[in-house]
1. Going by the conditions given, is B:Asp5 more than 14 Å from chain A (Cβ to nearest Cβ), touching a residue at least 12 places away in the same chain (Cβ under 8 Å), among the acidic types (Asp, Glu) and part of a helix (DSSP H, G or I)?
2. Give the residues of segment B:17-37 that are more than 8 Å from DNA strand C (Cβ to nearest atom) and either of a type in the set (A, V, I, L, M) or closer than 23 Å to A:Lys114 by Cα (or both), sorted by residue number.
3. Please determine whether any residue of segment B:25-34 is polar (S, T, N, Q), out of contact with any helix residue (DSSP H, G or I) (no Cβ under 6 Å at 6 or more places or on another chain) and surrounded by 12 or more Cβ atoms within 10 Å (Cβ to Cβ).
4. Test A:Asp272 against the criterion of being of a type in the set (Asp, Glu), within 27 Å of A:Ser191 (Cβ to Cβ) and in contact with a Pro (Cβ under 9 Å, 6 or more places away or on another chain), and give yes or no.
5. Return the residue satisfying two criteria in turn: it lies in segment B:8-19 and is more than 7 Å from DNA strand D (Cβ to nearest atom) and more than 14 Å from B:Arg51 (Cα to Cα), and of such residues it is surrounded by the fewest Cβ atoms within 10 Å (Cβ to Cβ).
6. For segment B:109-130, which positions are at the interface with chain A (Cβ under 7 Å from one of its Cβ atoms) and within 22 Å of A:Ile80 (Cβ to Cβ)?
7. What pairs can you find where one residue is in segment A:158-181 and touching a residue at least 24 places away in the same chain (Cβ under 8 Å) and at negative phi, the other is buried (at least 21 other Cβ atoms within 10 Å of the Cβ) and of a type in the set (Phe, Trp, Tyr), and their Cβ atoms are less than 6 Å apart, with a gap of 6+ or different chains?
8. Just to be sure, is A:His214 in contact with a strand residue (DSSP E or B) (Cβ under 9 Å, 6 or more places away or on another chain) and farther than 19 Å from A:Leu246 by Cβ?
Number of protein chains: 2
Amino acid sequence: MDIRDIAKMAGVSKATVSRVLNESEAVAEDTRKKILAIIEEVGYLPNYLARSLKVKNTKTIGVVVPDIGNPFYFEVIRGIEKLLDKKGFSIMLCNSDYIEKKELRYISLLASKKVDGIIFAPSSEDSKSLKNLLSWDIPFVIFDLPQINFNNNAVLIDHSLCSYIATNHLIKNGHKRILIIDAYRHMEVYSKFISGYLRALKENNIEFDDALFHESTPDIKGGYNVIKKVLKNKIGFTGVLTICDLASVGVYKAAEKFNIKIPEDISVIGNDDIPLARYLCPPLTTIQQPKFLIGYKSAELLINNIQNKSSIINDFKTIILNVKLIERDSVKRRQDNGN
Amino acid sequence: MDIRDIAKMAGVSKATVSRVLNESEAVAEDTRKKILAIIEEVGYLPNYLARSLKVKNTKTIGVVVPDIGNPFYFEVIRGIEKLLDKKGFSIMLCNSDYIEKKELRYISLLASKKVDGIIFAPSSEDSKSLKNLLSWDIPFVIFDLPQINFNNNAVLIDHSLCSYIATNHLIKNGHKRILIIDAYRHMEVYSKFISGYLRALKENNIEFDDALFHESTPDIKGGYNVIKKVLKNKIGFTGVLTICDLASVGVYKAAEKFNIKIPEDISVIGNDDIPLARYLCPPLTTIQQPKFLIGYKSAELLINNIQNKSSIINDFKTIILNVKLIERDSVKRRQDNGN
DNA sequence: ATGAAAGCGCTAACAC
DNA sequence: GTGTTAGCGCTTTCAT
């Protein structure tokens, strides 16, 4: 059942059917009605693939994130979905699992499938995907990468600010031995996240102890493992700061397992404020990131980019979104001055 | 840059290039190498759209869920993604927001975009989408719908068993006034979820009080609102049972707001066991549903169906997955016999 | 207002 | 082992 069949049944040409389908040109009202009736009756569905091949757009956007199991990305995706739905675009979802090869593969696949644009959180700054994207001339926006060195759309969070605020909060509450759990960094020697921590330490004349700096996968397991290791090595600390709330949950889990009380024994502070953070036990103090907005804005930027693609002025934007400290119950003031 | 260009540059025909691209037929090793080299050099990417139009498959699956913000669906999606990635399919994600019109629209769109199959959680049993899907002859599997009346692939949870187990658990702990928070039901007079509750009550000679039966949106807000209303109306209860964990979180929220202690004042039991349930305050007793598996199995069923589509024997399966009670700390034994 | 025809980029007979 | 050719189902000039 294709457009030719409908044309035949209506006694018109394919072109006319196409016209009513797309409301592209005027068609006599009665032929229009007739065609519509037939379409309805036989339940004809246009083949969007064929259309896309011809018109060179698919009305679909690819999004690739490193971990769809992390509520952070979930929230971002919700934001993306919201805007995209409004604009009539579908979304093709890919999960890179933090592995660059997969990321690269997906980007190619999406390009091959002719998505109109791509939104993604690159695994690293000089990710090859980025270069490919640029060379293929397909509109894209990146989000969540701490820093970018090239001219393209991006909506970002200042991760160094997050850790700076978090570290300061801990310090103000009398902590000095502050564990920091970062995500594995492939490319950068010091991540933005570390740099904010370091700055806060320096400003408060606290010496940096390398034994307090740890990297893990940004999830529950990662947070858990770090605490386990640190405990085993008898590295003393009173506060901990994690790259994402999920890692903080891992800290909670370890605390429960090893009989450490939060916040009595150790204070913990997260980063991103996932929806359930306030319902955790105890409610997690964290740095709130506008996750939904990150997604929404990314999508908005992308769609604008796509719709102005032909225009000469392709001015790219990078939007930096605000973060703020959310005080709950996982951080406690120390009287002993944090040693 | 298309296949014709590559052919020209390599001094061969399009057919030959196509052959090396798809490894469909033998090609002389040196021409193969030459073509590959050119492809690599110029960064040629095949147009999958054109291919799909010809070969009549897109290697993409549509999935439509009612609320991507609910961790339940998220986990299901993770399962879907896992299997689909393994099988080389992309996923097109749609969010119906529990509104049937949107669901219908998305299903049509997906069909139009020629996805090879669809996985979805229908909003109701005689959803028009179901009928369309059947008539369009596109493979699909549904999940999570309490009951189905037609012959097609499905992977389900017995919701009446969930509520039965949950209610019994509350009763065994001395509760008699048990609030039940169900999702809005469009079509069914009594949902499966209610029926299990009713059965448990009856078996224990507890009379059903209509004032304890409530419907809400299956999310935090929904759970919160029910408790608020019930409190306002001074309806007494000691236990509450919700359609999903997220609604239980809403109960938690209301409890906090109105100064009710869980589990001292009221016991609550969830349904589905979202990943963070065990970290809530207090850890939530709930009925565990194999969410990831639901997704994985759904995808598996679908792919099998697609790959055997041409075969005469199209035997559909409905898989019913097990659930089990997970005891944590949100349910407490009552000494006063629950009145 | 409508039709004829070319073509989007690819694959798959069929021929050699 | 490789080339020629006919479409896949649609849109879009260009005629009329």
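1. Values: more than 14 Å from chain A (Cβ to nearest Cβ): yes; touching a residue at least 12 places away in the same chain (Cβ under 8 Å): yes; among the acidic types (Asp, Glu): yes; part of a helix (DSSP H, G or I): yes.
Criteria met by B:Asp5.
2. Of everything in segment B:17-37, those that are more than 8 Å from DNA strand C (Cβ to nearest atom) and either of a type in the set (A, V, I, L, M) or closer than 23 Å to A:Lys114 by Cα (or both) turn out to be B:Val20, B:Glu23, B:Ala26, B:Val27, B:Ala28, B:Ile35, B:Leu36, B:Ala37.
3. Checked against the condition, which is being polar (S, T, N, Q), out of contact with any helix residue (DSSP H, G or I) (no Cβ under 6 Å at 6 or more places or on another chain) and surrounded by 12 or more Cβ atoms within 10 Å (Cβ to Cβ), segment B:25-34 yields at least one hit.
4. Working: of a type in the set (Asp, Glu): yes; within 27 Å of A:Ser191 (Cβ to Cβ): yes; in contact with a Pro (Cβ under 9 Å, 6 or more places away or on another chain): yes.
Criteria met by A:Asp272.
5. Step one: filter segment B:8-19 for residues more than 7 Å from DNA strand D (Cβ to nearest atom), giving B:8-10, B:17-18.
With the extra rule that they be more than 14 Å from B:Arg51 (Cα to Cα), the set shrinks to B:8-10.
Values: B:Lys8: 13, B:Met9: 16, B:Ala10: 19.
Filtering segment B:8-19 for residues that are more than 7 Å from DNA strand D (Cβ to nearest atom) and more than 14 Å from B:Arg51 (Cα to Cα), the one surrounded by the fewest Cβ atoms within 10 Å (Cβ to Cβ) comes out as B:Lys8.
6. B:Leu109, B:Ser112, B:Lys113
7. From segment A:158-181, the pairs are A:His159/A:Phe193; A:Ser163/A:Phe193; A:Ser163/A:Tyr197; A:Thr167/A:Tyr197; A:Ile180/A:Tyr197.
8. No: the conditions fail for A:His214.
The values are calculated or read from the model by the stated rules, or taken from the named source; none is laboratory data. This is a predicted model, so every value here is computed, not measured. When we count neighbours, we look across all protein chains shown, and the Cβ atoms used for this are built from the backbone with ideal geometry, even at glycine.
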